[in-house]
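**Student:** Dropping the structure in here first, questions after.
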Amino acid sequence: MILIWKPPRMGFKNCFSPAIDTLLLLLKSLPLGCYFNIYSFGSGYEHIFPKSVEYSQKTMEEALKKVGEMEANLGGTEILRPLQHIYSQPCIQNQPRQLFVFTDGEVWNTKVVIDLVKKNSHLHRCFSFGIGERASSALINGLAKEGGGHAQFITSTDRMQPKLMQSLRYALQPAVIDVSVSWDLPKVVSVSVLSPPITALFQGQRSLVYAQLSGQIPEAAEGSVTVKYTLAGQPLQNRFNFSLKPAEDSGLTVHRLAARALIRSLEMENRESKDQSVHDLFYEGASSPLEWWYNSDENMSEPSKPPMDPLLQLVSLQKASGCWDLAPDLAAAVGKTSEEVEKQKPALVSQEVWATILSLIWLHGFKMDSKDEWELLAMKAVSWLQAQNVSCVEECVDAGNALLGCKVQKDALGL
C-alpha cells in the first residue's frame, strides 16, 4: 500500500491534527506481510523509504517518526511527479499495489493526472480522498474511477478516520471489476442506459442501473439482462428475466428515480468540465483546504497540544503484530493505574496476552460507537492471540471485565 498525502502546514506537525491521527490509525491497521511506503507532496515530493518495505514493528516505527518530521511545501500541489515515480517502480510479486491519495484537488493538470492513473490501472487500485469543502470532484472521482478504487470527500465537519478505514477494508478485499450489462430484447425495442458505467464494486456496496426502453412493445413480451463481471480473477455472470409489460399500479416511482439518476450524471459531467477553472477561485489566501481548515474561525491561532484521546492513545501503543505491552501508558488509556492492572492479571498469563485481552475488552466495552475505526486493529489482535494458543482466555476475560467494569463476552471478542 502506498499513501500519497499533503502534510499540514508548518507549525502543526506536532499537534494531533486530523491528518496525523489518520496516518497513525492507517499505519497501525496495516496487516503483517504487506508492503508500504508514504509519499508527501507540495511543489515537490519526498518519500519515507527508497522503495516499498515490508510492514514490521521496525518499519512502522520508522514511518511514524518520519511522518512527524514531514512539513508541507505549500508553494504548489504537484501530484503528477510522485505518481510517475511510483509507476516507474516495479510491482512486488503477490503484493497488489494500492494507492491512497489525499489531496485538496488544486492541480492544474487534472486530465493528465487521471490519464496517467488510467494508463496504469492494470497494475493497481487507487483510492482517493478529497480534503476540504470544495475539493475537486473531477480529480477525486476521476482517480477512483480510472484506478478501480473508491472516492471519499471529507469536509471540516467530518471525521477522517471512519472514511479512511472503510476504504482500507475495501482495499484488503477483492473487488467486483470488469462489470458489463447486456440486454436481450425484442427487435422492435431499444434500450438507453441512464446510469454511468460501473467500474468497481466492493463488499457492502450496491449500485443501481437505470435504463429506458423505447419502441412498440409486443403483448406479453419478455426480455432479459445479463451482468458479467470478474471477482478474485474468476469471470462470472448473472442473468435476469423480466416482463416488458408494465404493472398497472406501478406509478412513476421508478421513473422519477431514473430521471434523478440521469440528472445527477449530467450535473456531474458538467461540473467536472468546469471544475478546474472554478476551483482555483475558492482558495484565495489559503494554499490548501487543510490550511483553510486550520485557519477557520475556530482555529485562528495555533493551538497548544491537547491531551491525546484515550482511543488514539491505545491505538498508538499497539505493536505491528497486533499485541499490546503491559505498560503505564496502556493502563492510563483504559482508565486504570499500573498497580490495578498488574494486580488483576491472572498468574499464568504473559503480560502481552493480558494487555491485549484487556485492550480488546475496553474497545468492545466502551468504544463500540467507534468500531469502524478500530475493527481492523482488533482483528490483528485476535489473530495474534489465537497464534499464542492461550489456554486460559476465559479467565482473562473475566478478570478484564472485573477490572474495567464491563460485561463483554468471550465470543464477542472473537476468541
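**Student:** Accessible area per residue for the stretch 119-250 in Å², computed with a 1.4 Å probe and the full protein assembly in place, what is it? Write down the numbers at each step before the final one.
**Tutor:** On the way: 7290 Å² over 132 residues.
On a per-residue basis, the stretch 119-250 sits at 55 Å².
**Student:** Just check the stretch 112-165 against the gyration tensor rule for me: Cα atoms, a ≥ b ≥ c as the square roots of the eigenvalues, rounded for a/c under 1.5, and otherwise prolate or oblate depending on whether a/b exceeds b/c.
**Tutor:** Details: a/c = 3.95, a/b = 1.75, b/c = 2.25.
The shape class here is oblate.
**Student:** Residue-wise, which Karplus ³J(HN,Hα) couplings in Hz belong to the stretch 136-153, taking 6.51 cos²θ - 1.76 cosθ + 1.60, θ = phi - 60°, and x for glycine or proline?
**Tutor:** 5, 5, 4, 6, 5, 5, x, 4, 5, 5, 6, x, x, x, 9, 9, 10, 10
**Student:** From the P(r) of the stretch 319-365, could you give the percentage of C-alpha pairs in the tail past 17 Å? If you can, show how the numbers build up before the last one.
**Tutor:** Values: 247 of 1081 pairs.
More than 17 Å apart: 23 percent of the Cα pairs in the stretch 319-365.
**Student:** Using a Förster radius of 22 Å, what is the FRET efficiency between Ile92 and Gln205 based on their Cβ-Cβ separation? Nearest 0.05, please.
**Tutor:** Numbers: r = 27 Å, r/R0 = 1.24.
Plugging the Cβ-Cβ distance into 1/(1 + (r/R0)^6) gives 0.20.
**Student:** Can I ask one more? Output wanted: per-residue J couplings in Hz (rounded whole) for the stretch 214-228, from phi through Karplus 6.51 cos²θ - 1.76 cosθ + 1.60, θ = phi - 60°, x for Gly and Pro.
**Tutor:** 10, x, 8, 7, x, 4, 6, 6, 10, x, 8, 10, 10, 9, 10
**Student:** Of the accessible area of the stretch 25-169, with the probe set at 1.4 angstrom, what percent is carbon plus sulfur? Don't jump to the answer; show the numbers that get you there.
**Tutor:** Details: 3040 of 5930 Å².
That fraction is 51 percent.
**Student:** Now, a different point. By average Cβ neighbour count within 10 Å, what is the ranking of 314-323, 167-176 from highest down?
**Tutor:** Values: 314-323: 20.1, 167-176: 17.8.
Top of the packing list down: 314-323, 167-176.
**Student:** Students often check this: by mean Cβ neighbours within 10 Å, which of 346-356, 87-97 ranks highest, and how do the rest follow?
**Tutor:** On the way: 346-356: 17.4, 87-97: 11.6.
Packing proxy ranking, top to bottom: 346-356, 87-97.
**Student:** Which shape class applies to the stretch 45-156: rounded if a/c is under 1.5, otherwise prolate when a/b exceeds b/c and oblate if not, where a ≥ b ≥ c are the square roots of the Cα gyration tensor eigenvalues? Please report the intermediate quantities before stating the final value.
**Tutor:** Details: a/c = 1.70, a/b = 1.21, b/c = 1.41.
Verdict is oblate for the stretch 45-156.
**Student:** Additional query: Using only the alpha-carbon atoms, what does the stretch 342-409 span along each of its principal axes? Please give whole angstrom values in decreasing order.
**Tutor:** Extents along the principal axes: 33, 27, 18 Å.
**Student:** Also: Please report the net charge: other residues with Cβ closer than 13 Å to the Cβ of Leu415, K and R +1, D and E -1.
**Tutor:** On the way: positive: Lys410; negative: Glu394, Glu395, Asp398, Asp411.
Local charge sum for Leu415: -3.
The values are calculated or read from the model by the stated rules, or taken from the named source; none is laboratory data. Note that the structure is predicted; figures quoted are calculated from it, not measured. All Cβ positions, glycine included, derive from the backbone under ideal geometry; neighbour counts span all protein chains shown. Only protein heavy atoms, including side chains, enter the accessible area calculation; ligands, DNA and RNA are left aside. Shrake-Rupley method; radii C 1.70, N 1.55, O 1.52, S 1.80 Å.
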